[in-house]
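Quick notes on the structure that follows.
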Amino acid sequence: MRPLARDLKDAAAVAFFAFLIFGPFIGLPLSNNQAGNLTLGTRPQALALAVGAVFLARLGLLAWARWHPAPLAPRFTIKLQGAGRFIAPVLLVFAVLMPLLPGLPNAYIDLGVLIMTYVMLGWGLNIVVGLAGLLDLGYVAFYAVGAYSFALISLNFGLGFWECLPIAGILAAFWGVCLGFPVLRLRGDYLAIVTLAFGEIIRLVITNWVSLTGGPNGLLGMPQPSLFGLRFSMAGGPGTFAGFFHITPAPWQRTAYLYYIILALALLTNWVTLRLRKQPLGRAWEALREDEIACRSLGINVRNTKLTAFAIGAFFGGFAGCFFAARQSFISPDSFTFMESATVLAIVVLGGAGSQLGVVLAACVMIGVPQMLQSLQIYRMLIFGLALVIIMIVRPRGFISTRRPTVTLGKRGGVIGADLVSQGRG
Amino acid sequence: MSNVLELDRVSSFYGPIQALREVSIEVPENQIVTLIGANGAGKSTLMMTIFGDPRARSGRVMYYGEDITGLPAYQIARKGIAQSPEGRRVFPRMSVEENLLMGAQVVDYRDYAANLRKIFTLFPRLEERFGQRAGTLSGGEQQMLAIARALMSMPKLLLLDEPSLGLAPLVIKQIFGAIRELNRETGLTVLLVEQNANQALRLAQRAYVLVNGQLTMQGTGAELLAKPEIRAAYLEGAH
């Protein structure tokens, strides 16, 4: 009986807080009366319903936790790990063929572009957060630097997308190092705060430097990426993609081209990351995430290791930003708010920090699901939020939380999940 | 006999608090030197000061006659001083192999296989655990790994900070046996910081006692072991 009493008490406490929060929101609705004045009404039934639902949900959750003490997750992890070897190639084939599927609406390819952009951002941030363990809340800054680099260079000097791409990456990497230097000694929460501020600074500078960036009005009219000089134009005719191949111009051609660009950029990010993980540098990043003091005593140059993580992560953020600006042909500071950083970080964490496949799955969930739920309108974000909470309860360390050793020269041990290590078992 | 390491009146501070007061020690080549003291005596600070963090505010740290006082930690490690830090600090989510690779980061990769073989003779357990995550090893195995990781850089001087910390007596015996073997077979110079005075003094050719950041006694291990005040302060009730 005692556990039940404790559960009831716990649920009652949670219900009380729900009452405090929902009280004003649900219990006291504002409405317009006939005369157009605002009146404050009461809705005791609705409030009781909401609080009651919270109470029962909490009780159910506690009961569920009691029935399934802990395992479940680790076993599931190992299964996912094994499946990862098949999932990744299948996903890749699907990603490559997706735009060519007959009868696929253009909007889906466009959604694919959006998801792929976030996959790339997630992979870029994964270098900093997942591998090097540096919590970066201002990743959007590099995205913005990349986007504005492309916009300003193409508008002022007439360079195209492909010429600007490496420049945008390098400029972003430069700013990555600029951010890296002052935060070298910071860790954890403090690092997060400074990177958060950095993201805001970049956005505020862009907003207020009107003569250069156009301020809140943004920049307009950047050139679209071309395929070996062939433009994508609905008009057709010579010099355009459709004209060259003698096909009817259609919007999906341009979208599919953009899709393949971002797919290639994302895969490049992934390839570089996977390569680096097997190199001493990548190993040093991971060791740094695990224990900085131990790293120092092993002769690792902690400063340079951190700076390269920031620089390479920022480099790919710059690529993504450049692509974003080219795709939109219009950018403004509104696209580079903290919300973007938070989304990308959520993708990395939800995926299981450090896991490349996890980022893909998380990006699909984070970006794809809200789009799919459009029809549910105002309940969309509610359901989305609920889904995230449930995911974090079931898989507290992200979708794929096990990490395979990057080298295996000799004998192999079993795969032991982070779940087990953290619980002191295994 | 030349000294591998020499501390010359080293003082270091944490902010305004002085942790070491003009400590001078000598670590002769091919010897095991131990530094014993109670909790908070400054033992670990001394280790860290050798590695330049915190940097000695006065005095000098000499390594083979070269002043290394102001160097950053990673350069000191590259000169051939390796450290097995207090509390082991293995990389828990990385495999044993990856941990060892991290130790070999500063040296030529071509020596890796040969060094690995030496490590496996010294600690056969690590070979069994090669692909396993370091966080899943037992405390003793983690300590072996921490020492092995330090050895992978082929150091001329090995600093060991409390290798007996939190280990069962039998495991401590094993670890200390391995240290003795290392020193005897390869002539490796070791500076051992320990709270476990009994074991450390038996192992060491030379010993120092640190109290409140100051050296109070020095001599051979056997000499200190025989002193009544050492027995009273550090050995009573110890196994």
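The values are calculated or read from the model by the stated rules, or taken from the named source; none is laboratory data. Keep in mind the model is a prediction, meaning the values are calculated, not measured. Note that each Cβ is placed from the backbone with ideal geometry, even for glycine, and that neighbours are counted across all protein chains shown. To get the accessible areas, we keep the full protein, side chains included, count just its heavy atoms, and leave off ligands, DNA and RNA. Shrake-Rupley method; radii C 1.70, N 1.55, O 1.52, S 1.80 Å.
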### Task
Report the calculated FRET efficiency for A:Thr337 and A:Ala5 (r = Cβ-Cβ distance, R0 = 60 Å), to the nearest 0.05.
0.80
### Task
Given the peptides B:116-122, A:194-200, arrange them by the average over their residues of other C-beta atoms within 10 Å, most packed first.
A:194-200, B:116-122
### Query
Under a no-solvent Debye model with one identical scatterer per Cα of region A:149-273, what's log10 I(q)/I(0) at q = 0.23 Å⁻¹?
-1.30
### Task
Provide, for q = 0.15 Å⁻¹, the log10 of I(q)/I(0) from a solvent-free Debye sum over equal Cα point scatterers in region A:78-420.
-1.34
### Summary
Expected max-MSF residue from B:Leu160, B:Leu151, B:Leu71 in the GNM of chain B (alpha carbon, under 10 Å) is B:Leu71
### Message
If you take every DSSP beta bridge fully contained in the protein assembly as shown, what fraction is antiparallel? Give it as a percent rounded to 5.
### Response
55
### Task
Run through every distinct alpha carbon pair of chain B and return the Kirkwood hydrodynamic radius in angstroms, one decimal place.
18.0
#### Entry: Euclidean distance of C-alpha centroids, region B:11-67 and region A:334-384, integer Å
51
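How large is the dipole of region B:13-66 about the Cα centre if only Lys and Arg carry +1 and Asp and Glu carry -1, each at its Cβ, rounded to the nearest 20 debye?
240
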### Query
Once whole DSSP H runs in chain A are found, which of them have Cα atoms spread over 20 Å or more along the helix axis and a mean Kyte-Doolittle score of at least -0.5?
A:2-22, A:44-67, A:73-97, A:106-125, A:140-157, A:161-180, A:188-208, A:251-278, A:302-328, A:380-394
### Summary
Relative contact order in percent for chain B (Cα pairs under 8 Å, 6+ apart) equals 27
### Task
List the residues of region A:293-323 that lose 50 Å² or more of accessible area once all protein chains are present, compared with their chain alone (1.4 Å probe, heavy atoms only, no ligands or nucleic acids).
A:Ile293, A:Arg296, A:Ser297, A:Leu298, A:Gly299, A:Asn301
### Task
May I ask you to derive the FRET efficiency for A:Phe181 and A:Leu386 from their Cβ-Cβ distance with R0 = 45 Å, giving the value to the nearest 0.05?
0.65
### Summary
Checked against the positive end of the charge dipole of the protein assembly as shown (+1 on Cβ of Lys and Arg, -1 on Cβ of Asp and Glu, about the Cα centre), the farthest of A:Ala284, A:Leu62, B:Ser44 is A:Leu62
### Message
If you split all Cα-Cα distances of region A:293-403 into 5 Å bins from zero, what percentages do you get per bin, shortest first?
### Response
2, 10, 13, 18, 18, 16, 12, 6, 3, 2, 1, 0
### Residue-averaged beta-carbon neighbours from other chains (10 angstrom radius) around B:47-57
1
### Message
Given points 7 Å out from each Cα along the Cα-Cβ axis, report the B:Arg117 to A:Ile170 separation in nanometres with one decimal.
### Response
4.7
#### Entry: Pair B:Ile17, A:Ala48: separation of 7 Å Cα→Cβ label points (nm)
5.9
### Task
Please give the average number of partner chain Cβ atoms lying within 10 Å of the Cβ of each residue in B:84-96, rounded to a whole number.
6
### Query
Using a simple spin-label model with points 7 Å from Cα along the Cα→Cβ vector, what separation in nm is obtained for B:Ser138 and A:Leu230?
6.8
#### Entry: Partner chain coverage, peptide A:276-288 - average Cβ within 10 angstrom
3
### Task
Two decimals is fine: what's Rg over Rh for region B:90-131, C-alpha atoms, Kirkwood radius as Rh?
0.95
### Task
With springs connecting C-alpha atoms under 10 Å apart, model chain A as a Gaussian network and identify which of A:Met366, A:Met234, A:Met116 has the largest mean-square fluctuation.
A:Met234
### Query
Based on Cβ point charges of +1 for Lys and Arg and -1 for Asp and Glu, what charge dipole magnitude is obtained for region A:2-67 about its Cα centre, in debye rounded to the nearest 20?
240
### Task
Give, as a single signed number, the net charge of other residues whose beta carbon lies under 9 Å from the beta carbon of A:Arg403, with Lys and Arg counted +1 and Asp and Glu -1.
+2
### Query
If you take the beta carbon distance between A:Leu220 and A:Tyr260 as r and set R0 to 30 Å, what does 1/(1 + (r/R0)^6) give as a FRET efficiency, to the nearest 0.05?
0.75
### Task
Provide the percentage of antiparallel DSSP beta bridges, counting only those with both residues in chain B; round to the nearest 5.
50
## Note on the structure
Sorting B:Leu101, B:Thr136, B:Ile230 by the position of each Cα along the dipole of chain B (Lys, Arg +1; Asp, Glu -1; all at Cβ), the one nearest the positive end of that ordering is B:Thr136
### Task
State, as an integer percentage, the relative contact order of region A:78-420 based on alpha-carbon contacts under 8 Å between residues 6 or more apart.
31
### Dimensionless Rg ratio for region A:2-67, taking C-alpha atoms and the 2.2 N^0.38 Å reference
1.49
#### Entry: Most fluctuating residue given options A:Ser211, A:Ser341, A:Ser355, as computed from a GNM of chain A linking Cα atoms under 10 Å
A:Ser211
### Message
Please give the charge dipole size of region A:78-420, origin at the Cα centre, charges +1 on K and R Cβ atoms and -1 on D and E Cβ atoms. Round to the nearest 20 debye.
### Response
1020
### Task
Give, to the nearest whole percent, the P(r) tail of region B:118-207 beyond 22 angstrom, counting all Cα pairs.
22
### Query
How do B:167-176, A:161-170 rank on mean C-beta neighbours within 10 Å, highest first?
A:161-170, B:167-176
